[in-house]
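Trainee: To start, I am sharing the structure in question, which I have written as C-alpha cells.
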C-alpha cells in the first residue's frame, strides 16, 4: 500500500465521523443480484431440454386413509386398528398415563440382557 500509518489513521477517523453524522446505515454486499453456480451459454438455451413432469400436489402426497383390517396395533396388540386409533391408547392419553415407546422397551430389553449376562458370570 502507498499510504503511511498516519494517513490511514486520518482516513479511518474521517470515515467514522461520516458514519456517525449520517445516522444508521445499511451495509450491502455486492450488487444484490443472485449469482448462478453454473453460468449457462445463451446458445445452449432451449436445446435438448426434456419437459419435466409437474410436481404432485399436496393431496396426492397424503396417505390414503382407510381401515387397517389386517394390521396389528403397536399399543394393545389387537388387529383391526393402528395405535393412533387405539381406544385404549386414546383413553390412556386422555387420563395422562404415560405409554412406553419402542426406545424405552429396547432399553428395558438391553438392561434385562445385561443383568442376565452378569448373573451367568456370577454363577
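Trainee: How about the range 77-92: which of its residues are surrounded by fewer than 13 Cβ atoms within 10 Å (Cβ to Cβ) and part of a helix (DSSP H, G or I)?
Mentor: Hits for the range 77-92 are 84, 87, 91.
Trainee: Failed condition for residue 63, given (1) part of a loop (DSSP other than H, G, I, E, B); (2) at pLDDT 70 or above, with all others met?
Mentor: Going through (1) part of a loop (DSSP other than H, G, I, E, B); (2) at pLDDT 70 or above one by one, residue 63 breaks only (2).
The values are calculated or read from the model by the stated rules, or taken from the named source; none is laboratory data. Only a predicted model underlies this, so the values are computations on that prediction, with no experimental measurement involved. Neighbour counts run over all protein chains shown; Cβ positions are idealised from the backbone, glycine included.
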